[in-house]
Amino acid sequence: MVPEEFEKKRNAGKVNRVIDKITRLLGCDKISTRKVDLLSYSHDYWPISLHWMLEDRYPSLPHAVIWPESKKDVKEVVKWCYKGNVPIYPYGGGSGVLGATVPERGGVVVDLKRIRSLKIHDKDLLVEAGSGLNGYYLEDELNDKGYTMGNIPQSLYPSTVGGWVSTKALGQFSTKYGGIEDMLKGIEMVIPPGGELCLKPHARTSTGPDLRKLFLGSEGALGIMTKGWFKIWPKPEKRIKLSFASDTLEDAVESVRKVMREGAEPAVIRIYDKIETKRHFYDYDEIFGKVATVMVIEGNEKITQAEKKIVKEEFIGTEMGGKPVDHWLETRFNVKEAAEFVPMGVVFDTIEVAVNWSKAMDLYRNVVDAIKPIKGVLFASAHASHFYPQGICFYFTFAGTTPRKKDAEEFYQQVWKAAMEAVLDSGGTISHHHGIGRQRRDWMEQELGEAYSTLKAIKERLDKKRIMNPGNMGL
Ligand SMILES: Cc1cc2nc3c(=O)[nH]c(=O)nc-3n(C[C@H](O)[C@H](O)[C@H](O)COP(=O)(O)OP(=O)(O)OC[C@H]3O[C@@H](n4cnc5c(N)ncnc54)[C@H](O)[C@@H]3O)c2cc1C
């Protein structure tokens, strides 16, 4: 059946009957059709959806919000929604920035936050977590018991482990601990039309292709994750803070490339271009006008000392000590620009991408050069926040005011289009860790080519009626 026919069927209105059925099965306290709840779940952190609210527009309201408390509840929801052809939007913390939870075709938002079990397996260095478990709560519990998972995204407080897996997220300490894909060892999923699968957490397995990977970054389009098993580490015994001021971005980037090539893995490395150095380190006169790099090296005492030596030998720039790192550690969860300026009419967003070392500086320049001349843009800048022996993640920020005769959405999309095209032309990938959602879907095919058709075929096989987050990632 083609998608349009599904849409017509949906509009024919089985939705309320399905909602009634689910209410009877799960109980009234697990489902709501109150306007205030529908409104709260009509958006995530995607600036477009926040902009709708500022304008008092609500184009994407769900019909109901459901809070399942067990895998059994989730299976009933998927089963009855599949039967009734009702779209489902899995929802963790709603901290996604690309509209991936926006219920653009109506249906039900399924908030997993009540599924939040937590069990530590000490000998196996694993944690077993319900998919709705809050990120901060998880890390705090682990720290209390002498461990870390090492996944500390800036959105640690508002995000969940199911969201991390589904967006293929990663944290500020990724250069040592890796992304969520390196931590996920086992996964439990509920898939249409209401079945389940569980891939157990083995130290390693070669029993066929690794289907865990299929669900990493699947953004709610292939099923609902109910549980995961993740790698954990004993809490690091030593932490070293280093910072540098370099004359140019090239110097700092080249220094880190060499550090990575030597095999050192500082947990945190962040290089700020000149604009962002001014924004973040305005209190440090010695860094003003330069390019700041902050680093945290942590882990085993002897290994950290060796890593520190490598960094000091390779870095082109003046050492600035631990204070700028303390400043970074204290302010790293602040997101005040978006909160303060957007309601005043400033268009503001971030775009994270990745590229191999050989093309890194070209991509940086091409993206900034593509954004800056657009009428209304006030600035375009970047920092580099995640590193690999093969390459680097650049995290661009832009801000602007909408030119006359344009609306804010049009202006915003013009900037995004310029950035995405510059990334693809420069040989980069359009997303490093935020995923695709509804904002980036138009460029999926261009980057993936034939692999996008394969992804569509997998979607078709798993979710014939396209009830799982329809439209997300263009699926
Ligand atoms: C201020 C700020 C800072 C951020 N910093 C980072 C960062 O440092 N690193 C990073 O990677 N990201 C970051 N993000 C983006 C965002 O926090 C991540 O994408 C995060 O992983 C989303 O988790 P969530 O629980 O909020 O998911 P949601 O936003 O609720 O959902 C995201 C996607 O996952 C799907 N989903 C959620 N739960 C499930 C489930 N159980 N089963 C199936 N699908 C599911 C949803 O359908 C949707 O497609 C940031 C966002 C903000 C607002």
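The values are calculated or read from the model by the stated rules, or taken from the named source; none is laboratory data. Note that this is a predicted model, so its numbers are computed, not measured. Using ideal geometry, Cβ is built from the backbone for each residue, glycine included, and neighbour counts are taken over all protein chains shown. Just so you know, the surface numbers come from the protein's heavy atoms only, side chains and all, with ligands and any DNA or RNA stripped out. Shrake-Rupley method; radii C 1.70, N 1.55, O 1.52, S 1.80 Å.
As for the range 123-132, it holds at least one residue that is in a strand (DSSP E or B), in contact with an Asp or Glu (Cβ under 9 Å, 6 or more places away or on another chain) and within 25 Å of Lys200 (Cα to Cα). With respect to being at pLDDT 95 or above, more than 27 Å from the chain's Cα centre (by Cα), open to solvent by 50 Å² or more (accessible area, probe 1.4 Å) and in the same structural domain as Ile310 (by TED's automatic domain parsing), Lys258 fits the description.
Look at (1) away from the ligand (no atom under 12 Å from the Cβ); (2) touching a strand residue (DSSP E or B) at 6+ places or on another chain (Cβ under 9 Å) and you find that Leu170 fails only one, number (1).
Condition (residue is open to solvent by 20 Å² or more (accessible area, probe 1.4 Å) and over 19 Å from the mean Cα position of the chain (by Cα)) applied to the range 93-106: is it met by at least one residue? Taking every residue of the range 93-106 in turn, at least one turns out to be open to solvent by 20 Å² or more (accessible area, probe 1.4 Å) and over 19 Å from the mean Cα position of the chain (by Cα).
Checked against the criterion of being near the ligand (Cβ under 10 Å from one of its atoms) and either assigned by TED's automatic domain parsing to the domain that holds Tyr395 or open to solvent by 20 Å² or more (accessible area, probe 1.4 Å) (or both), the candidates Ser155, Ser131 yield just one match: Ser155. Filtered by the rule that a residue be out of contact with any Leu (no Cβ under 8 Å at 6 or more places or on another chain) and small (Gly, Ala, Ser), the range 51-71 gives Ser60, Ser70. When Gly162 is tested against (1) surrounded by 22 or more Cβ atoms within 10 Å (Cβ to Cβ); (2) within 15 Å of the chain's Cα centre (by Cα); (3) within 23 Å of Phe394 (Cβ to Cβ), just one condition goes unmet, and that condition is (3). The residue that is farthest from Asp37 (Cα to Cα), among those in the range 82-111 that are near the ligand (Cβ under 6 Å from one of its atoms) and either assigned by TED's automatic domain parsing to the domain that holds Ser166 or among the hydroxyl-bearing types (Ser, Thr, Tyr) (or both), is Ser95.
Pairs are defined by a Cβ separation below 9 Å, a sequence spacing of at least 6 or placement on different chains, a first member in the range 450-475 that is closer than 18 Å to Gly194 by Cβ, and a second member that is outside any loop (DSSP other than H, G, I, E, B) and among the acidic types (Asp, Glu); the pairs so defined are Arg466/Glu460; Pro470/Glu7.
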